[in-house]
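Working notes, beginning with the structure itself.
The values are calculated or read from the model by the stated rules, or taken from the named source; none is laboratory data. Everything numeric in this text was worked out from a predicted model, so none of it was measured. Counting neighbours? That spans all protein chains shown, and the Cβs are built from the backbone with ideal geometry, glycine included. Surface accessibility is based on the protein's heavy atoms, side chains included, excluding ligands, DNA and RNA. Shrake-Rupley method; radii C 1.70, N 1.55, O 1.52, S 1.80 Å.
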Amino acid sequence: MNADVLVVGGGPAGSSLAVALSRRGVDVLLVDRARFPRPKPCAEYLSPEASRVLDAMGALGRVERSGAAALSGVRVRAPNGLVIAGDFVAQHGFRAYADRGLSVRREVLDEILFDCARASGARVAEGLRITDLVRDSSGRVTGAKQNAGEPIRARFTIGADGLRSIVARRLGLARTTRWPRRLALVTHYTGVGEVGEQGEMHVERDGYVGIADVGHGATTVALVVPAARAREIARDRTAFLEAWMRSRPHLAARFSAAERVSPVVATGPFGSYSRRAWAPGAALVGDAADFFDPFTGEGIYAALRGGELLCDALVEALAARDGGEEALRAYDRARRKEFSGKWIVERVIGAVVGWPPLINRAAKRLSARKDLADLLIGVTGNFVPASEVVRWSYVWKVFVG
Ligand SMILES: Cc1cc2nc3c(=O)[nH]c(=O)nc-3n(C[C@H](O)[C@H](O)[C@H](O)COP(=O)(O)OP(=O)(O)OC[C@H]3O[C@@H](n4cnc5c(N)ncnc54)[C@H](O)[C@@H]3O)c2cc1C
């Protein structure tokens, strides 16, 4: 079971990394505590730029053929009823790898990605839970302990094990964000009325809900509410979700003939980050490294892209004489370069969404200025640089006039 690189977690981050490494000739062992297909609470939307990484992994055709829905853009309904609608194909001059985003159940997506890792030559093990890290006398990570056998030795051990990553916690790198503290309830329905080609976000004073076609006649529903509602949710999460939806007239009508086809799963609070995403002999990628809030729907792209970035660093680290520390430092810099704009946008959107007067004001401007809405949707679609909206002139137009 020993390997040059042990990747803990076979979600989008771990599978992307395993594919990239084994294509570069690296001996990789990818392990997951689950057996695929496995569920993952998610709103299941992939930004148009995610298609580039899926294509590079050899997964795009399979995902499309699986019956994934194609999304042309996103509509955000503010508490005052105004709608901000942005399309991925627009006049701003930026073009994504694909003209559409995709929406596909995680049971389907993650199994395809894990299969791609296997097909690329990575060794894979399902149903294998990592329980701790192994270190040498200098404190360098040299592998991991597992639930079902001898410890696994590796030159590098990677935490791609999602929120509440055991690798991040054992490295002492995991930090929890104090704000926003939100919980999510996720499920699927059939028979929802008026589900179109755009992903939907409905922001209310007490939370928001994402709704999208996920193919095969199913609609994904992801409700996010303040963590202060935890007790009510614990009493009966299904009743909570259904009462929440019924109490919004514009949603209740659309769900009146709908049938719930999967159990309601609760998750959260989710905000976490690591001040740096590496330690001697180890690194973090995907949600294990950082996750803020699901509103912008960028987690899967960040996980896939993070896998590519970490691959470059590990190939250098494996060849280095300094134990790979400089290469892993460079990985941290590459992450910051790639994602820091997104981190700012996520936080600004997180604040606006949590403060109804602000989102109502933004909706007033953005519902009348499609060019500004398209830019914002392009940023969250990962193909318009964040700097296009992280500038005073944009903020001024949205909030002042
Ligand atoms: C409510 C909600 C809605 C979301 N909606 C969207 C959306 O619409 N679009 C989007 O892009 N992102 C969305 N996200 C974020 C997205 O789900 C994540 O960012 C993405 O799944 C991260 O991928 P990952 O590979 O890092 O982690 P994960 O997908 O969580 O995979 C981690 C893997 O590690 C395994 N694992 C964990 N611990 C161990 C262990 N000890 N040993 C072995 N294996 C282990 C798990 O079984 C799992 O398979 C949403 C998140 C939430 C909470």
Original post:
Considering only helices (runs of 4 or more DSSP H) fully contained in segment 316-401, which possess at least 2 residues that are within 30 Å of Trp278 (Cα to Cα), open to solvent by less than 60 Å² (accessible area, probe 1.4 Å) and at pLDDT 95 or above?
Top reply: 325-353, 370-380
Subject >> Residues of segment 225-270 satisfying the condition of being outside any helix (DSSP H, G or I) and of a type in the set (Asp, Glu) >> reply: Asp236, Glu259
Subject >> Pair list, Cβ < 9 Å and 6+ apart or interchain, from segment 24-36 residues that are within 15 Å of Glu308 (Cβ to Cβ) to residues that are near the ligand (Cβ under 8 Å from one of its atoms) and modelled with pLDDT under 95 >> reply: none
**OP:** Residues being assigned to a loop (DSSP other than H, G, I, E, B), closer than 16 Å to Leu376 by Cα and more than 13 Å from the ligand (Cβ to nearest atom): count how many of those fall in segment 38-81.
**Re:** 2
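Considering each of Gly217, Gly193 in turn, give the residue that is open to solvent by 50 Å² or more (accessible area, probe 1.4 Å), more than 16 Å from the chain's Cα centre (by Cα), of a type in the set (Gly, Ala, Ser) and more than 10 Å from the ligand (Cβ to nearest atom). I'd like the intermediate steps shown before the answer.
On the way: Gly193 fails: open to solvent by 50 Å² or more (accessible area, probe 1.4 Å).
Result: Gly217 is the single residue among Gly217, Gly193 that is open to solvent by 50 Å² or more (accessible area, probe 1.4 Å), more than 16 Å from the chain's Cα centre (by Cα), of a type in the set (Gly, Ala, Ser) and more than 10 Å from the ligand (Cβ to nearest atom).
Scanning segment 17-37 for residues that are small (Gly, Ala, Ser) and assigned to a helix (DSSP H, G or I), which turns out farthest from the ligand (Cβ to nearest atom)? Full working, then the answer.
Let us first name the residues in segment 17-37 that are small (Gly, Ala, Ser), namely 18, 20, 22, 25, 34.
Restricting the remaining residues to those that are assigned to a helix (DSSP H, G or I) gives 18, 20, 22.
Details: Ala18: 11, Ala20: 14, Ser22: 17 Å.
Step by step, filter segment 17-37, then rank; the result is Ser22.
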Original post:
Considering only residues of segment 128-140 that are part of a strand (DSSP E or B) and closer than 13 Å to Val7 by Cα, which is nearest to the ligand (Cβ to nearest atom)?
Top reply: Ile130
Subject >> Cross-chain or 6+ apart pairs with Cβ under 7 Å, segment 295-313 first and in contact (Cβ under 8 Å) with a residue 12 or more places away in the chain, then near the ligand (Cβ under 8 Å from one of its atoms) and open to solvent by 20 Å² or more (accessible area, probe 1.4 Å) >> reply: Gly297/Ala43; Gly297/Tyr45; Gly299/Asp287; Gly299/Phe291; Ala303/Asp287
Original post:
Which ones in segment 266-286 are at pLDDT 95 or above, closer than 18 Å to Leu223 by Cβ and touching a Lys or Arg at 6+ places or on another chain (Cβ under 8 Å)?
Top reply: Ala266
Original post:
Within segment 98-126, which residues are open to solvent by 30 Å² or more (accessible area, probe 1.4 Å), assigned to a loop (DSSP other than H, G, I, E, B) and more than 20 Å from Asp27 (Cα to Cα)?
Top reply: Asp99, Arg100, Arg105
Subject >> Matching residues, segment 244-294, being within 16 Å of Ala160 (Cα to Cα), open to solvent by less than 30 Å² (accessible area, probe 1.4 Å) and away from the ligand (no atom under 16 Å from the Cβ) >> reply: Ala279, Gly281
Original post:
What number of residues within segment 154-190 satisfy the criterion of being more than 15 Å from the ligand (Cβ to nearest atom), open to solvent by 30 Å² or more (accessible area, probe 1.4 Å) and farther than 27 Å from Val5 by Cα?
Top reply: 3
